[in-house]
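The values are calculated or read from the model by the stated rules, or taken from the named source; none is laboratory data. Here the structure is a predicted model, which means the values were calculated and not measured. Neighbour counts are summed over all protein chains in view; Cβ atoms, including those assigned to glycine, are modelled from backbone coordinates with ideal geometry. Just so you know, the surface numbers come from the protein's heavy atoms only, side chains and all, with ligands and any DNA or RNA stripped out. Shrake-Rupley method; radii C 1.70, N 1.55, O 1.52, S 1.80 Å.
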Amino acid sequence: MRRFGADYLTETRRGMWEDSRDALADLRLSDATAVLDVGCGTGELTAVLREESSGRVVGLDRDSELLAHARNGGPVVRGDARSLPFPDDAFDVVVCQALLVNLPDPAAVVREFARVARERVAAIEPDNAAVTVDSTVDAEAALARRARERYLRGAETDVALGANARAAFEDAGLVDVRSRRYDHERVVEPPYADHEVAAATRKASGADLRERRGTMAGSEEELDALRESWRDMGREVVRQVRDEAYERREVVPFHVVVGHVGGG
């Protein structure tokens, strides 16, 4: 299972569910008295679940450092998604976000979710093969696509699972499985927030690509060449940020899949 730092999770989930939560309708959170957020990380989705449900919402993650960021607002538990520390039928709804894409056997984990769920199981999973990027820096979209292709080839799990996640639910024996698409749009434009300026600096240093190198396919020479081009692109991003001319739009498609336990 891949591990992520608090900064990475905060950045990639920033603003998600801020504008619309219609795609969460099938979770029927307002009816739930007990909800479990598995792989809650730094707690962004947990906070949304607490806003949408009047019941008890518990966050679970195996990383104690991430849980330290998620403690505000309600209970959190340290545990593994593959062996949840709860009895059968403990929650009305069990949900995860961007977790199954990092696991080698998603259906087995969904079965474990179903064990502790009385009614519904849900997963909010990205299709990383369908991410799109538009930028005022001409080279950025093409380089992002090249990096994404190497990531897709190098990943040990199905990081494009989102579009096909309902198959894992059906394999796990859930019924009345439904799926809705939710596009997480991230826009960078002036005036820039501090984290956006920091992201531009990381592009110019190649730090973001360096940190993802272990999950990317290719020879050392190919990855070095990609990183050098990435740094050149990043320096142009920094120049445009200084001139307040930089704009970027990224769309990550997520699929919200909900299945019912025993026809409930």
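What's the long-distance tail for region 122-264, i.e. % of Cα pairs beyond 19 Å?
Working: 6007 of 10153 pairs.
Across region 122-264, Cα pairs with separations above 19 Å total 59 percent.
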- Query: Taking the Cα centre of the chain as the origin, how large is its charge dipole in debye, to the nearest 20, when only Lys and Arg (+1) and Asp and Glu (-1) carry charge on their Cβ atoms?
  - Reply: 400 debye
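Can you put H184, H69, H195 in order of accessible area, largest first, using a 1.4 Å probe? The partial results should precede the final answer.
Details: H184 5, H69 110, H195 60 Å².
My answer, sorted largest first, is H69, H195, H184.
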- Connecting every pair of Cα atoms under 10 Å apart in the chain and solving the GNM, the largest mean-square fluctuation among R145, R166, R212 falls on R212
- Query: For P(r) over Cα pairs in 5 Å bins from 0, in percent, which listed value, (i) 1, 5, 11, 14, 15, 14, 11, 10, 8, 6, 3, 2, 1, 1, 0, 0, 0; (ii) 1, 6, 12, 16, 18, 16, 12, 9, 6, 3, 1, 0; (iii) 1, 6, 14, 20, 21, 19, 12, 6, 1, 0, comes from the coordinates shown?
  - Reply: (ii)
- Query: In a GNM of the chain with a 10 Å cut-off on Cα contacts, which of L99, L143, L66 has the highest mean-square fluctuation?
  - Reply: L143
- Query: Hey, rough spin-label estimate for S205 and E244, points 7 angstrom out along Cα→Cβ, what's it come to in nanometres?
  - Reply: 2.7 nm
- So how far, in whole Å, is the C-alpha centre of region 155-181 from the one of region 55-93? 22 Å
- Per residue solvent-accessible surface (Å²) - the chain, probe of 1.4 Å: 47 Å²
- Of every hundred units of 1.4 Å-probe accessible area on the chain, the number belonging to carbon and sulfur atoms, as a percent, is 44 percent
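Ranking request for peptides 17-24, 225-232: highest mean number of other beta-carbon atoms within 10 Å first, then the rest in descending order.
Going from most to least packed, we get 225-232, 17-24.
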- Compute the distance in nm between two label points, each set 7 Å from the Cα along the Cα-to-Cβ direction, one at D194 and one at D171. 4.4 nm
- Message: Compute a Gaussian network model of the chain, connecting alpha carbons closer than 10 Å, and tell me which residue from V101, V38, V188 fluctuates the most.
- Response: V188
